[in-house]
Each structure stands twice: as C-alpha cells, then as structure tokens.
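Working notes for the structure below.
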Amino acid sequence: MKQTLALAQINTKLGDVEANLKKHLSFAQEAKSAGADLLIFPELSLTGYALQDIASTVAHHPSAHDPIFAPLLEASQELDLVVGFVDEDDRHRFFIAGAYLSKGKVLHVHHKVYLPTYALFDESRFFAWGDRIQAFDTPTFRAGIAICEDFWHASPPYLLWLDGADILIFTSASPGRGLTNEPKLESARWVEHINQAYASLFTSFTVHANRVGFEDGLHFWGGSTVYDPNGELLVKGPYHKEALVTVEIDLDQLHRTRARLPLLRDERTALVQREMMRIIGERRGTQR
Amino acid sequence: MIDLAINAKLAHTILTGFIKSEITRAGFKRAVIGLSGGIDSALSCFLAADALGPENVLAVRMPYKSSSQDSLDHAQLVINTTAVQSLTVPITEIVDPLFERLPDADDMRRGNVMARTRMIILYDQSEAFKGLVVGTGNKTEILLGYSTLYGDSACALNPIGDLYKTQVRQLSRDLGIPDEIVDKAPSADLWAGQTDEDELGFTYKEVDKLLYLLVDERYSPDECIEAGFADEFVHQVIERVRRNHFKRVLPPIAKLTNRTVGYDFLYPRDWGT
C-alpha cells in the first residue's frame, strides 16, 4: 500500500499562534493538492521554539472547542496532520506536545518526555516532562511520535517500535551548531545519522520534520528526511529553506525488509525486561 | 590538532540569513555599520550587503585626525567593492574640545571616548537611515574583553561574534575581501602605531587556539598546558576572560520583587516576531 507523506519544513512566528495557524492551513491545502495523505509539522510549529515565559500564554488544548484546533481538525478531514504546540493539562502543567489529527478527531497526543536543559537548552525550566511513550493506530498504519530530544535517547524510539509503530514520526526545532570545515553542521550530521540508524535498527520508516528560520541568534537548519525500513534515504528537504517536502512510501516495504531481516521477530523483550529490572535494582543498591 | 577552519559557504548562508531575519522581523530593512578599514567591519559589511542588498547598507567612516590614511583607504575599498552607501563623519571636532578640557587623559581614556563617540554617530545614523546597527566584534575580542563597553561593542545584532579572529580572516579571504585588508596587522587605530597584538601581548593565531580548547572544547587549564601552551599564558588568558565578563552581560539589577527583569521575567528578543 502506498502513502504520500508531506513534511512542512516551516519557519514560525515566535509566540504568534494565529499567524502560525494560517501557515499551517495554507501548507495543509498545498499538501492536499500534492496528493499527501499525512502532513507533519515540526516541534512547536504553532508557537515557535524559544518561548521562555511566553510558553504559558500560548498553550492550547487539542479539542474541537479550541479556537486554534477547530480549524486544524476541520483541515484533517482532508488529510492527516501532525502539529506541534504547547499543551496545558487540567492541572495547568505545560507540555511540549505533538498531536495526530485525522478525520476531525485527535488520535493521539504525545508530550515530550526528554526536555534538554543544558548548553543552549532550558526546556525543563518552562515545561513539564511527559511520562508516556505510546504508539497509536491511524486509519492506515500504526505510528509513534517522538519530539527532538526524545529521539536523541534510544529508549523512546525503541519503545514505540515494540508498541507496534511502523512509522516513527520525529519532529524537531533543532538549533544548528558545530560549524567546521564540512559542508554540513555537526548537529545536522548527528541527527541524520541517528535517523538512518533507527530506520535500519528498527526496520521501520523514520520520518523527521525539522523547522527552519531564526530565533534570536539560533538558527534551525531544516533538512527534513524520510528513511525507509532498509535505512535508505527516500527524500530530504533543503537546508535552511522553507519547503513542503513530499514523498510516496510503500508500506509493503515493511514486509519485504522484515522477511529478509527479522530483527523485530527476534527482539527478546522479556530478556530486556529482566535485565532492566536487574540493572535498576543494582543501581538502587549502589545508591544506599 | 586544533583545526579552526570553517566552511565559508555554510557560514555565509547562516550569517546572511541571520542578518536578514533579525533586521526584517524588527520592522527594518536597512543596516548601519561603522567601517574602520579593518577586517572585522569589512566582513560584517560584506555580509550585510549580501543579506540586504548594498543599497540598504550605510557604511560610516569616522576618522580622527591621527587615524591612519590606510584605514580610510581600506574602508573606501570596502565601500567600492560592496557598492554600499557611505558617509564620512570625522570625529576630531567632536572629541578634541573634550580632550582640551581633560589634558591629563591618557591614551586609554582618549581611545574610549573616541569609540563611544563613534557609537553616538552610528546610533544617530540608525535613526536617520532607518537601519539597525550591525556589530563588528569577533569571538576573540568578546572573550578577551578587548573592546570599549558601549563603544565599539554597541550594536543591535552581531553576525560575527561566534567567529574567532582566525576564522574571520579565513571567511574574509573566502568571500573575496581584498588582501590588503585581510593581511594587515589588526589595530584599533586609536593612536598612531597601535596594534592589537602588541597591546594584548600575544598573537590572535595563538590565543584563538587556546580559547578554542578552553571554551569550545571545555579543556581545563592543566589540559591546555599539557596540550603545549605555556602555563603563564594559559592563566593570563583565563584571568582576562574572567575579569572582562562584565562586558558580556547586562548590568545586574538588584532583586526586590517577585518578578524581575533578567531573573524571572524571561522573554526572547524576537518575542512576537
């Protein structure tokens, strides 16, 4: 079965949700015209990234009653959408979130579980940690969402894979860093490496939507990618430029790759669980 | 092996994008740059001209009577090469009356007065030309504090502040900035015969490697010494970086209330844009 994926490699207006919503709707229309079944926006695509104290003032909750989500849910009648936003829960905790919208419904919301708070990052000062990593069913496949630092750690993609995700949806607002003599930034090289590695290790589609543009002195480098279950690059967006990146994927590739390479079949989850319990137990032991 | 080489094409893409983004989102389309005739301001001017179009960049030459003719000529060379707009405002008539009243002022004080006078002219032109002041300080001088606070360090945005002097030289050469500007001895030209490297007591080439290890690679002082740098040099540079940190941060505000600018009132500069 073929599916057309689209990646909205956009720039955003920092803290201006209305302006960003307009861009989302226009990209959705364009992606629909290009025949896309699913359009994926980057991390915090409705708000911008370096929010600091803006965070609590731009939060929305994904429901048909929300003025920002109502039109997005409407647009999801035409094609599925993944959007990035600040989610405020009932207890008024703020999360960096990604929502999967399809046929007017919210199928899944992921709260970022790893909030980088080091070097140029300060996320856990402003946001709460998510505490669930779950795959979910879309009308045509099972997927999982991880947001930026979530997939710098191996465990979230691994858990999503075990939970049945065949398409790993990664979204980022990745600030470029590491200028050397190479034509590519170190941060871009690293992200591309691990995306390709996840596709190969988990024999799954790995889809990465990264944003572009500048916030204060930070710049976001784009270069969104889709890798197939063989770890082959199917498409790559331009660096540093806004773009709608589309690609047709063949879900039957999962069958062909996993018939050849049964890594999923052979994954010993009970062994992993036993060893995890032992390691955690021993660590507890050393802390006493 | 300490390799400070950078990919010029990638640096150019990011830095011109940065200039355009920061200026246009603030509601402007133009830039103002003080052109000394040296390499740093030449590079900022080239980048701004590429980012905004030369017609949207105003290069201002602000010579003092003791400024070298070379400085003026090299600044003119940058103006001619980039085809930016230009203006020359000599500062002699502005600062000399003050110096007459303060005959005891030494070179340091006079140099600071000149740097701050140039800042006043640039910010006046910022309003007159409706452009933002683009900075010309590189990473080496920012770390060493080799600048006049509220003088040459004053700007609305700085495209070259994360490039060491060594990298400024490489990028300038790669972008086609004329050799006579790239190759000459760096100087603040605040008094005749002044050169940065004489005044600092070491070369940029040497200190850039040390700063790279200390700052970018997070080496300890002992690890830098092990890597081959002289003990005294390492500690002299570390002390200089520490002592000048006040130039890199906003002045501290005494905290009294529950929400104070700088501590718990935190917004990005690009707020809402």
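Say we look at the stretch A:218-240 and pick out the residues that are at the interface with chain B (Cβ under 10 Å from one of its Cβ atoms) and touching a strand residue (DSSP E or B) at 6+ places or on another chain (Cβ under 6 Å); which of these is surrounded by the most Cβ atoms within 10 Å (Cβ to Cβ)?
In this case the residue turns out to be A:Trp221.
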> Condition test on B:His245, is it within 30 Å of B:Val182 (Cα to Cα) and touching a Pro at 6+ places or on another chain (Cβ under 9 Å)?
Replying inline: no
> Residues of the stretch A:155-184 being aliphatic (A, V, I, L, M), outside any strand (DSSP E or B), without any contact (Cβ under 8 Å) to a residue 60 or more places away in the chain and buried (at least 24 other Cβ atoms within 10 Å of the Cβ), which ones?
Replying inline: A:Leu160, A:Ala165
> Looking at the stretch A:31-61, which of its residues are more than 24 Å from A:Thr225 (Cβ to Cβ) and at pLDDT 95 or above?
Replying inline: A:Leu51, A:Gln52, A:Asp53, A:Ile54, A:Ala55, A:Ser56, A:Thr57, A:Val58, A:Ala59, A:His60
> Quick one: how many residues across the stretch B:1-53 are crowded, with 24+ Cβ neighbours inside 10 Å, part of a helix (DSSP H, G or I) and either at the interface with chain A (Cβ under 9 Å from one of its Cβ atoms) or β-branched (Val, Ile, Thr) (or both)?
Replying inline: 3
> Quick one: A:Glu215 ticks every box in (1) surrounded by fewer than 24 Cβ atoms within 10 Å (Cβ to Cβ); (2) within 19 Å of A:Ser187 (Cβ to Cβ); (3) in contact (Cβ under 8 Å) with a residue 40 or more places away in the chain bar one, so which box is it?
Replying inline: (1)
> Just wondering, is there one or more residues in the stretch B:251-261 that are under 24 Å from the mean Cα position of the chain (by Cα), in a loop (DSSP other than H, G, I, E, B), without any contact (Cβ under 8 Å) to a residue 12 or more places away in the chain and more than 14 Å from chain A (Cβ to nearest Cβ)?
Replying inline: yes
> Checking A:Ile194 against (1) aliphatic (A, V, I, L, M); (2) in a loop (DSSP other than H, G, I, E, B); (3) under 16 Å from the mean Cα position of the chain (by Cα); (4) surrounded by fewer than 24 Cβ atoms within 10 Å (Cβ to Cβ), which single condition isn't satisfied?
Replying inline: (2)
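Residues checked against (1) closer than 18 Å to A:Ile96 by Cβ; (2) within 14 Å of chain B (Cβ to nearest Cβ); (3) out of contact with any His (no Cβ under 9 Å at 6 or more places or on another chain); (4) polar (S, T, N, Q):
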| site | (1), (2), (3), (4) |
| --- | --- |
| A:Ala6 | no, no, yes, no |
| A:Gln9 | no, no, yes, yes |
| A:Gly15 | yes, yes, yes, no |
| A:Ala19 | no, yes, yes, no |
| A:Ser26 | no, no, yes, yes |
> If only one of A:Lys32, A:Lys112 is under 14 Å from the mean Cα position of the chain (by Cα) and either surrounded by 15 or more Cβ atoms within 10 Å (Cβ to Cβ) or of a type in the set (A, V, I, L, M, F, W, C) (or both), which one is it?
Replying inline: A:Lys112
>> Whether any residue in the stretch A:247-263 is away from chain B (no Cβ under 14 Å), of a type in the set (A, V, I, L, M, F, W, C) and in a loop (DSSP other than H, G, I, E, B) is what I want to check.
In response: yes
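The values are calculated or read from the model by the stated rules, or taken from the named source; none is laboratory data. From a predicted model like this one, the values you see are computed outputs, not experimental measurements. Positions of Cβ are generated from backbone atoms using ideal geometry, with glycine treated the same way; all protein chains shown enter the neighbour counts.
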